[in-house]
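Student: Below you will find the structure I want to go over with you.
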Amino acid sequence: MPDIDLARIAPQPKDMKRRSLEQMRGGRPPFSYKPLRSCFDDIFNIQPDLDFGSAEPTPWATIEALIDKRGSSEVERFHNKRVARGLHDFATSGRVIGRKHEFFPLAMGAGRKVTFWQSMVIAIDDEPHAIFIEPRRSKGLGAEGRRFAFSMMHERIRAADEDFAEVGLAIVRFDEPNADRRAARLYTDNGVTLYTLDELEQMVAETYEMWRDVCEERERDARRRPTGTDGPLFDHP
């Protein structure tokens with residue numbers, strides 16, 4: 001299950017959670033955001049130095065060329081460039097500088113791992129933040145989904161490493177399209193009451209148990225329909 005779907009579904013009440021899991025579609029998506037994700041270091045001009053640097057921003061033309069090269073279709077290039085343009089505006093606004101830092105996935109039991117962060121630390125208005133970039137237009141992270149993601153970020157980044165105990169947490173989402181871009185919208189954990197680790201583990205275990213039931217039910221239905229076309233789940237654009 002994609003991490004974003006886990007975050008938006010896990011905090012839901014049981015009856016709503018079951019419906020949400022049943023509504024997750026099968027098959028292949030019309031496009032992915034892999035080209036965008038492959039450009040994060042370039043968009044933020046991330047440096048490997050230990051200190052935040054002052055390198056010149058990467059020109060938009062460079063980012064655009066990378067997405068053109070890595071996109072698998074015109075539709076994919078179009079959607080990726082709209083988000084990349086908004087993120088590039090944010091990254092080059094003068095408020096943001098960054099450096100590379102690898103945060104490894106957080107194990108949540110039974111072989112499950114989550115990653116609600118990018119491999120970087122950015123300073124926003126001179127305050128260091130770990131960030132998660134979430135590009136979906138639909139079925140993305142609402143307030144409770146962000147609370148879940150922030151809680152996971154806290155456990156993996158702040159609670160697990162005293163060097164980052166005071167780092168801020170931020171999620172970047174994107175507005176509806178306006179011309180050739182979707183403007184970046186920044187959410188932080190300020191004022192958010194975080195879930196405890198026990199609460200997170202309980203929600204994850206319950207969601208995956210329910211998800212297993214849904215998958216088994218689909219398999220039984222597929223066996224009863226020899227021409228069934230159900231396929232693997234995908235990350236919704």
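The values are calculated or read from the model by the stated rules, or taken from the named source; none is laboratory data. A quick note: this is a predicted structure, and the numbers were derived from the prediction, not measured. Using ideal geometry, Cβ is built from the backbone for each residue, glycine included, and neighbour counts are taken over all protein chains shown. All accessible areas refer to the heavy atoms of the entire protein, side chains included, with ligands and DNA or RNA removed. Shrake-Rupley method; radii C 1.70, N 1.55, O 1.52, S 1.80 Å.
Student: Lysine pairs in the range 1-147 8 or more apart or on different chains: how many have alpha carbons under 28 angstrom apart?
Tutor: 17
Student: Take the solvent-accessible surface of the protein heavy atoms, probe 1.4 Å, and return the percent of it on the chain that carbon and sulfur atoms account for.
Tutor: Using a 1.4 Å probe with all protein chains present, the chain comes out at 47 percent carbon and sulfur.
Student: Could you tell me the distance between the Cα centroids of the range 147-210 and the range 63-81, to the nearest Å?
Tutor: 27 Å
Student: Next up: Do any GluC sites (Glu not before Pro) in the range 96-200 lie in a DSSP loop with no more than 10 other beta carbon atoms within 10 Å, and if so, which?
Tutor: Of the GluC sites (Glu not before Pro), the ones in loops of the range 96-200 whose Cβ has at most 10 other Cβ atoms within 10 Å are E102, E166.
Student: So what are the radius of gyration and Dmax for the Cα set of the range 76-141, in Å?
Tutor: Answer for the range 76-141, Rg first and Dmax second: 14.4, 43 Å.
Student: Take the alpha-carbon positions of the chain, form their convex hull, and give its projected area averaged over all directions (one quarter of the hull surface) in nm². Spell out each step's value before the answer.
Tutor: On the way: hull surface 57.1 nm².
With the hull built on Cα positions only, its mean projection is 14.3 nm².
Student: Explain nothing, just compute: Karplus ³J(HN,Hα) = 6.51 cos²θ - 1.76 cosθ + 1.60, θ = phi - 60°, for every residue of the range 10-17 in order, whole Hz, x for Gly and Pro.
Tutor: Taking θ as phi minus 60°, the curve returns 4, x, 6, x, 4, 5, 5, 4 Hz for the range 10-17.
Student: Amide H of R185: which non-local residues (sequence gap of 5 or more, or other chain) have their own amide H closer than 5 Å, using H built in the peptide plane?
Tutor: R173, F174, D175
Student: Just want to confirm a number: the relative contact order over the range 1-157, from Cα pairs under 8 angstrom separated by 6+ residues, in percent.
Tutor: 28 percent
Student: Could you give the accessible area per residue of the chain, probe 1.4 Å, as a whole number in Å²?
Tutor: Ligands and nucleic acids excluded, the result is 52 Å² per residue.
Student: Hey, with R₀ at 35 Å, roughly what FRET efficiency would R112 and D221 work out to, going by the Cβ-Cβ distance, to 0.05?
Tutor: On the way: r = 25 Å, r/R0 = 0.72.
Efficiency, rounded to the nearest 0.05: 0.90.
Student: For the range 128-209, which trypsin sites (Lys or Arg not before Pro) are both in a DSSP coil and crowded by at most 15 other Cβ atoms within 10 Å?
Tutor: none
Student: Each residue of the range 157-168 in order: what ³J(HN,Hα) in whole Hz does its phi give by Karplus 6.51 cos²θ - 1.76 cosθ + 1.60, θ = phi - 60°, with x for Gly and Pro?
Tutor: Residue by residue, the range 157-168 yields 9, 8, 5, 8, 8, 5, 5, 10, 4, 10, 5, x Hz.
Student: Once ligands and nucleic acids are excluded and a 1.4 Å probe is used, how much of M24 is accessible, expressed in Å² to the nearest 10?
Tutor: 10 Å²
Student: Among DSSP beta bridges whose residues both lie in the chain, state the antiparallel percentage, nearest 5.
Tutor: DSSP beta bridges in the chain are roughly 75 percent antiparallel.
Student: With n ≥ 4 as the cut-off for DSSP H runs, can you work out [θ] at 222 nm for the chain, using -39500 (n - 2.57) per run divided by the number of residues, rounded to the nearest 500?
Tutor: -12000 deg cm²/dmol
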